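Scroll down for the structure; my scribbles are underneath it.
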Amino acid sequence: MMLVSAKEMLTKAKAGKYAVGQFNINNLEWTKSILQTAQELQSPVILGVSEGAGKYMCGYKTIVGMVKGMMEEMNITVPVALHLDHGSYEGAKACINAGFSSIMFDGSHLPIEENIAKTTELVNACGVLGLSLEAEVGSIGGEEDGVVGAGECADPEECKAVADLGVTMLAAGIGNIHGKYPDNWAGLSFETLDAIQAKTGDMPLVLHGGTGIPEDMIKKAISLGVAKINVNTECQLSFQEATRKYIEEGKDLQGKGFDPRKLLAPGAEAIKATVKEKMELFGSVGKA
């Protein structure tokens, strides 16, 4: 199975009232855990890569090579999209050239006219190559690779203007936040989400900041057109906790340090558990 555009999997998800999970990858262990879980559960999956993670992993071409090689060696047969997460215009072009199968251009922090102009250019490029393209209107709260938002709600008319450009999927701010949600969080604005779906029709909608949103809100968001949900922080937290426990147990090599393969194994297993829980919640199990 080769890398695929996210278009078909998300079109099916919206029609079937479930969501495909995007799980961000940061190293080999994370990637392996997510792919293994998707294959085991027969779930389509989107591997998200932030620009920061791209730099950490030696560049986008390295990531494409790693993911393709792992899919072949592990005999992954479920649909897998490799997706740039919150990309700049320059980052989007770099990932197109590197061989990603899906791109996100985050122009939400730009004036709407500039967001539309740059998104239009990328719609044309991705269309020629058969790649899926995600656009964003209304900044998502929190911080993601330098893009900071306060959890604002997008303007449904602006969402329609961007959706009409021919993007594959649309991320719209509905009060969601990257990272942990504060105790005084007001929750998702379903009124805004409903209005956006009314303006954008069959287009799959994207919910960023999937960590910490109550299950009932997740399910309601899916019922109102969300077909892709992003999860990163929860994987980071589970990986951190499992690794911390392993270190505290002191299982090094008789004072010579930890075997890195054994050190990272508990975190990798924790990510598998997190991904499985989310795929079951999103309803994507068995939908490959």
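Mind listing whichever residues of the stretch 149-202 are within 19 Å of the chain's Cα centre (by Cα) and in contact (Cβ under 8 Å) with a residue 60 or more places away in the chain?
Across the stretch 149-202, the qualifying residues are THR168, MET169, ALA171, GLY173.
Residues are listed down the side, and each one gets a yes or a no for (1) at pLDDT below 95; (2) surrounded by fewer than 21 Cβ atoms within 10 Å (Cβ to Cβ); (3) over 24 Å from ALA81 (Cβ atoms):
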{"residue": "VAL226", "(1), (2), (3)": "no, no, no"}
{"residue": "GLU249", "(1), (2), (3)": "yes, yes, yes"}
{"residue": "PRO260", "(1), (2), (3)": "yes, yes, yes"}
{"residue": "ALA288", "(1), (2), (3)": "no, yes, no"}
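Looking at (1) out of contact with any helix residue (DSSP H, G or I) (no Cβ under 9 Å at 6 or more places or on another chain); (2) over 11 Å from SER284 (Cβ atoms); (3) not basic (Lys, Arg), find the lone condition where LEU10 falls short.
(2)
Restricting to the stretch 24-48, count the residues that are aliphatic (A, V, I, L, M), surrounded by fewer than 22 Cβ atoms within 10 Å (Cβ to Cβ) and closer than 20 Å to LEU237 by Cα.
1
Quick check on the stretch 1-35: of everything there that is of a type outside the set (Gly, Ala, Ser) and touching an Asp or Glu at 6+ places or on another chain (Cβ under 8 Å), which residue is nearest to ASP216 (Cα to Cα)?
Within the stretch 1-35, the subset of a type outside the set (Gly, Ala, Ser) is 1-4, 7-12, 14, 17-18, 20, 22-32, 34-35.
Narrowing the set further to residues that are touching an Asp or Glu at 6+ places or on another chain (Cβ under 8 Å) leaves 11, 14, 22, 24.
On the way: THR11: 23, LYS14: 18, GLN22: 19, ASN24: 23 Å.
Here the residue is LYS14.
Within the stretch 202-216, is even one residue among the aliphatic types (A, V, I, L, M) and assigned to a helix (DSSP H, G or I)? So that I can check it myself, show each step before the final result.
If we filter the stretch 202-216 for residues that are among the aliphatic types (A, V, I, L, M), which is where we start, we get 203, 205-207, 213.
Cutting the leftovers down to assigned to a helix (DSSP H, G or I) gives us none.
Among the residues of the stretch 202-216, not one is among the aliphatic types (A, V, I, L, M) and assigned to a helix (DSSP H, G or I), which makes the answer no.
Select from the stretch 64-79 the residues that are out of contact with any Ser or Thr (no Cβ under 8 Å at 6 or more places or on another chain) and among the aliphatic types (A, V, I, L, M) and list them in ascending order.
Answer for the stretch 64-79, where residues must be out of contact with any Ser or Thr (no Cβ under 8 Å at 6 or more places or on another chain) and among the aliphatic types (A, V, I, L, M): VAL64, MET71, MET74, ILE76.
Give me a count of the residues in the stretch 217-238 that are part of a loop (DSSP other than H, G, I, E, B) and farther than 26 Å from GLU269 by Cβ.
2
LYS256: modelled with pLDDT of 95 or more and not in a helix (DSSP H, G or I), yes or no?
Values: modelled with pLDDT of 95 or more: no; not in a helix (DSSP H, G or I): yes.
In short, no.
Could you please find all residues in the stretch 239-253 being touching a residue at least 12 places away in the same chain (Cβ under 8 Å) and either within 14 Å of ILE25 (Cα to Cα) or in a loop (DSSP other than H, G, I, E, B) (or both)?
PHE239, the sole residue that qualifies.
Taking the condition over 11 Å from ALA81 (Cα atoms) and at pLDDT 95 or above, does LYS17 pass?
Yes; evaluated as a whole, the condition is true for this residue.
What pairs come out if I take residues in the stretch 49-66 that are surrounded by fewer than 14 Cβ atoms within 10 Å (Cβ to Cβ) and pair them with residues that are in a helix (DSSP H, G or I) whose C-beta lies under 9 Å away, six or more apart or interchain?
GLY59/ALA94; GLY59/ALA98; THR62/GLY54; THR62/ALA98
The values are calculated or read from the model by the stated rules, or taken from the named source; none is laboratory data. Values in this document were obtained by computation on a predicted structure and should not be read as measured data. For neighbour counting, all protein chains shown are included, and Cβ atoms are generated from backbone atoms with ideal geometry for every residue, glycine included.
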